[in-house]
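Below is one structure, written out as structure tokens, with a few remarks after it.
The values are calculated or read from the model by the stated rules, or taken from the named source; none is laboratory data. Keep in mind that this is a model prediction, so the values were computed, not measured. So basically every Cβ, Gly included, is an ideal-geometry build from the backbone, and we count neighbours across all protein chains shown.
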Amino acid sequence: MKKYIVFIFIINISPLWILAQQSPAAIQIIPAPQQITRSEGQFVFNEHTQIAFDQANPELKNTALYLQHFLQEATHLPFKIATKNAPENNVIYLGVASNFVANTSENKQLSVEAYQLIIKNKSISITGKSIAGVFYGFQTLRQLLPAAIENKGKVKSLNTWTLPCLSIFDYPTFAWRGLNLDCCRHFMDKAFILHYLDVLAYYKMNKFHWHLTEDQAWRIEIKKYPKLTSVGAFRKEKEGNIYGGFYTQADIKEVVAYAAKLNIEVIPEIEMPGHSMAAIAAYPGLSCTKAPLAVANTWGVFKDIYCAGSDSTFIFLENVLTEVFALFPSKYIHIGGDEAPKYRWDNCAACQQRMQNEKLKDAHELQSYFIKRMEKFANSNGKKIIGWDEILEGGLAPNATVQSWRGVEGAIAAVNSQHDAIVSPTSHCYFDYSLKSIDLAKVYSFNPIPAGISAENEKYILGGECNMWTEKAPQNLVDSKVFPRLLALAEVLWTNPMPRNFEAFNQRVESHYPRLTSLGIRYGFDKQAITFSIQANPMAKAFQVELIPAQADLKILYTLDQSLPQIGNPKAMSYQKTIELQQAGILKAAIQQADTNQLEVFSRQFDIHQAIAKPCTIKVKPSDSYAANGANSLVDGLIGSIDFHDGLWLGFQQNNLEAIIDLGENQKINSIQAHFLQSMPSWILFPESVSLYTSSDGIQFKLYKVMENKFPQNVSETSMQNFTFDLSNTATCYIKVIAKKVDKCPEWHEAAGSEAWLFVDEISIY
């Protein structure tokens, strides 16, 4: 059995864990409390233990009943609720003290969610600054009990339930601790949503950002516009089947009420002006063209968006929001505002007239007009709007909160103009990304306060969110994406941020796996299940490949013939030692498991050529988001996959590719291949042209050939292609490749007019 080191927080400027007089595995709380002090002894539950609450605060009765039901289910002890004077002994007491302050040298005022949990030999008290604080104190108490407390029904293996004597004083660092769940790309049923709320509350998360409308579906019933769900909630898949679902207003009310009992605020997202294809499919008059179209059945960004020039658009949205406001008591409404191509607006007479009437200089200012108009309506109904960081373009609405996702720059811009911000960058908070990109350690390293923000402006950072987009994650895969990464974000947002000890945290995470199982969570790995360690040997024209499992006890199967590495495949080999690859090909690997439905395959494609590990330079660096291993990525022999997040691609959005490879000496070259990616939904296009230059000294380059793109572009499927040059044994020492990117997405593209991307992963020389 593993031994876990326990650390205990003492609040000062930052929390510190100290060892207490207890067994190492006794206290494994996530998120870690701000202050904890151990004392001798333990509290023992028995048939006489009662629950009492401050009768002056009747709201506490619901918390008391919640606690009673929870404890009864596992222990089968009665836990009667005292209705009058609380007994002094053998009692769990719940109370609210709105004016209490931190028992520290700083005597700082507490958050509204603060609580104090005191466990003595004969009593337990949970005192909160509010009902929410009491509730969070109860969640901490749950985690102090054995994991078996989370099992449904009586736990037969335990006859005695005890708690260690201690005092915990705790409060969150950030007020906004959220999960954004996309229920549009894939529908999540109501029971699943309710279950997720339970687990969010368990880890003291307090915001559920519910993504309800998209290009691929409209998921919320609006009685005034029934086609939004009868048409917009369903799409015809490429295979021909109809996929969809929606939440009735009764469903919405049930979810909101359930969340309120868990001190979770539900924030709906109604996307505008972009990501609105499902609504337009239901009511074509909402678009600039008024032409009929279908609910989107592919992922990406689409040029058909709400018409900003038509007053009927705003009437429609105001009517929709009126019903939404009635369903959601949250003071916030998320209106999206992201990824709205302006092509239709640029070619719409009504939109151009609107720009002229309102003296707007471009389409970005038209979007700002759109957002500000909707904000005014929301504010008049007592609501505040949140938008993705694109709402900064053209001028920020006066009272808007910015959710920063394209890095942290949006948050910085917002707070510098005294606007609230929620920080959820793709770098740390996109849980749909693979563990290669964002593993548990990466999430735990996240600091919601971006560098460069003044101490005075830090107050505008409300907190953060993890985003669970579901293009590639139907309901049965969401758990493995979100967990255990959510535990890291929960602690980042609750516990004082610095310093952090990931190893100590990870030990606590391991102790929570049985709890997650009991809570019905099919969690995934904390890091990529299989990691490739690859060493190139250019002299031997070979690669040495090690396959490293996320856990030492996991067994790996692999194949070299492109078949699936799964049990029952005679071509699948058990990984035992370093694999030597002496020819180009694809190595596929997977954790050995009987459940082939959950099989996750990791692969690498290898190319053996003359330029491997040769010096390579690029004139302009790629995007920070798609930088791979810099210029070396072009000569490492590794071919990227159609998943451009695989860490092997260089992505350029503002500049062309210009790369120079130094072969070290004049060599006879037969051919050169430059390998590119095209993915229409992601605005990635093959280059307009690729130019090849040769040189003997690296100074004077001679143009060898210009190759215009001949590959089809107007296709929806993601594809990869080599631009191949025949050199017929030409001798050269230096090779220069210039790939000219497509400037803007063309007219036929769904994101027409938007900046296109160029993606390249390898320049192979033979």
- Single residue of segment 285-331 satisfying the filter (at pLDDT below 95 and in contact with a Pro (Cβ under 7 Å, 6 or more places away or on another chain)) that is nearest to Ala349 (Cα to Cα): Lys303
- Note on the structure: Within segment 68-106, residues being at pLDDT below 85, within 41 Å of the chain's Cα centre (by Cα) and not small (Gly, Ala, Ser) number 6
- With respect to the numbered conditions (1) of a type outside the set (Gly, Ala, Ser); (2) out of contact with any Leu (no Cβ under 8 Å at 6 or more places or on another chain); (3) not in a loop (DSSP other than H, G, I, E, B), which one is the sole condition not fulfilled by Gln576? (3)
- Task: Report yes if some residue within segment 691-708 is in contact with a Lys or Arg (Cβ under 8 Å, 6 or more places away or on another chain) and not in a strand (DSSP E or B); otherwise report no.
- Result: yes
- Item | Subset tally (residues that are at pLDDT below 95 and surrounded by 21 or more Cβ atoms within 10 Å (Cβ to Cβ)) for segment 439-476 | 0
- Message: Taking the condition of being within 14 Å of Leu262 (Cα to Cα) and of a type in the set (D, E, K, R), how many residues in segment 45-60 meet it?
- Response: 1
- Message: Contact list please: Cβ distance under 6 Å, first residue in segment 378-397 and at positive phi, second residue of a type in the set (Ser, Thr, Tyr) and buried (at least 16 other Cβ atoms within 10 Å of the Cβ), pairs at least six apart or on different chains.
- Response: Gly394/Ser368; Gly395/Ser368
- Item | Scan of segment 226-245 for residues that are buried (at least 20 other Cβ atoms within 10 Å of the Cβ) and either in contact with a helix residue (DSSP H, G or I) (Cβ under 6 Å, 6 or more places away or on another chain) or part of a loop (DSSP other than H, G, I, E, B) (or both), ordered by number | Leu228, Gly232, Ala233
- Message: Take Ile521 and tell me if it is hydrophobic (A, V, I, L, M, F, W, C) and closer than 30 Å to Ile449 by Cβ.
- Response: yes
- Report, by residue number, each residue of segment 110-125 that is over 18 Å from Thr173 (Cβ atoms) and surrounded by fewer than 21 Cβ atoms within 10 Å (Cβ to Cβ). Ile118, Lys120, Asn121, Lys122, Ser123, Ser125
- Within segment 554-565, can one find any residue that is out of contact with any Cys (no Cβ under 9 Å at 6 or more places or on another chain), free of Cβ contacts under 8 Å to residues at least 24 places away in the same chain and not assigned by TED's automatic domain parsing to the domain that holds Asn476? yes
- Message: Looking at Gln583 and the list (1) at pLDDT below 95; (2) in the same structural domain as Leu657 (by TED's automatic domain parsing); (3) farther than 24 Å from Thr426 by Cβ, which single condition is not satisfied?
- Response: (2)
- Could you check Ile669 against (1) among the hydrophobic types (A, V, I, L, M, F, W, C); (2) more than 30 Å from Gln528 (Cα to Cα); (3) assigned to a loop (DSSP other than H, G, I, E, B) and say which number it fails? (3)
- Note on the structure: Apart from one, (1) without any contact (Cβ under 8 Å) to a residue 40 or more places away in the chain; (2) charged (D, E, K, R); (3) buried (at least 18 other Cβ atoms within 10 Å of the Cβ) all hold for Asp646; the odd one out is (1)
- Given (1) crowded, with 17+ Cβ neighbours inside 10 Å; (2) closer than 29 Å to Ala542 by Cβ, number of the condition Phe652 does not satisfy: (2)
- Query: Which of the residues belonging to segment 484-524 are within 26 Å of Gly153 (Cα to Cα) and either in a loop (DSSP other than H, G, I, E, B) or within 17 Å of the chain's Cα centre (by Cα) (or both)?
  - Reply: Pro484, Leu487, Leu519, Gly520, Ile521, Arg522, Tyr523, Gly524
- Where Ala488 falls short, out of the listed (1) of a type outside the set (Val, Ile, Thr); (2) in the same structural domain as Lys442 (by TED's automatic domain parsing); (3) more than 19 Å from Leu194 (Cα to Cα); (4) exposed (fewer than 15 other Cβ atoms within 10 Å of the Cβ): (4)
- Checked against (1) in a loop (DSSP other than H, G, I, E, B); (2) farther than 18 Å from His419 by Cα; (3) without any contact (Cβ under 8 Å) to a residue 40 or more places away in the chain, His364 satisfies every condition except (1)
- Message: Between Asn714, Asn709, which is of a type in the set (S, T, N, Q), assigned by TED's automatic domain parsing to the domain that holds Val760 and modelled with pLDDT under 95?
- Response: Asn714
- Task: Just give me the residues in segment 507-523 being surrounded by 16 or more Cβ atoms within 10 Å (Cβ to Cβ), closer than 12 Å to Ala147 by Cβ and charged (D, E, K, R), in sequence order.
- Result: Arg515
- Query: Take the residues of segment 604-652 that are under 29 Å from the mean Cα position of the chain (by Cα) and β-branched (Val, Ile, Thr): which is nearest to Asn729 (Cα to Cα)?
  - Reply: Ile639
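Here is a yes/no grid of residues against (1) in the same structural domain as Tyr433 (by TED's automatic domain parsing); (2) in contact with a Gly (Cβ under 9 Å, 6 or more places away or on another chain); (3) within 16 Å of Gly698 (Cα to Cα):
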{"position": "Tyr626", "(1), (2), (3)": "no, yes, no"}
{"position": "His645", "(1), (2), (3)": "no, no, no"}
{"position": "Leu648", "(1), (2), (3)": "no, yes, no"}
{"position": "Glu658", "(1), (2), (3)": "no, no, yes"}
- Task: Working only within segment 427-451, note down all residues that are part of a helix (DSSP H, G or I), small (Gly, Ala, Ser) and within 12 Å of the chain's Cα centre (by Cα).
- Result: Ser427
- Any residue in segment 182-194 that is in a strand (DSSP E or B) and within 16 Å of the chain's Cα centre (by Cα)? yes
- Item | Residue ID - nearest to Lys740 (Cα to Cα), chosen from residues in segment 707-729 that are in contact with a Leu (Cβ under 8 Å, 6 or more places away or on another chain) and not polar (S, T, N, Q) | Met707
- Query: Which of the following residues is buried (at least 17 other Cβ atoms within 10 Å of the Cβ), among the polar types (S, T, N, Q) and either in a loop (DSSP other than H, G, I, E, B) or assigned by TED's automatic domain parsing to the domain that holds Ala536 (or both): Ser633, Ser641?
  - Reply: Ser641
- Sort out which residues of segment 126-184 are of a type in the set (S, T, N, Q), surrounded by fewer than 24 Cβ atoms within 10 Å (Cβ to Cβ) and either closer than 16 Å to Pro514 by Cα or touching a residue at least 60 places away in the same chain (Cβ under 8 Å) (or both), and write them in order of number. Gln139, Thr140, Gln143, Asn151, Ser157, Thr160, Thr162, Ser167, Thr173
- The lone exception for Gln713 - which of (1) part of a strand (DSSP E or B); (2) farther than 14 Å from Asp761 by Cα it fails: (1)
- Kindly indicate whether Pro681 is in contact with a Phe, Trp or Tyr (Cβ under 7 Å, 6 or more places away or on another chain) and assigned to a loop (DSSP other than H, G, I, E, B). no
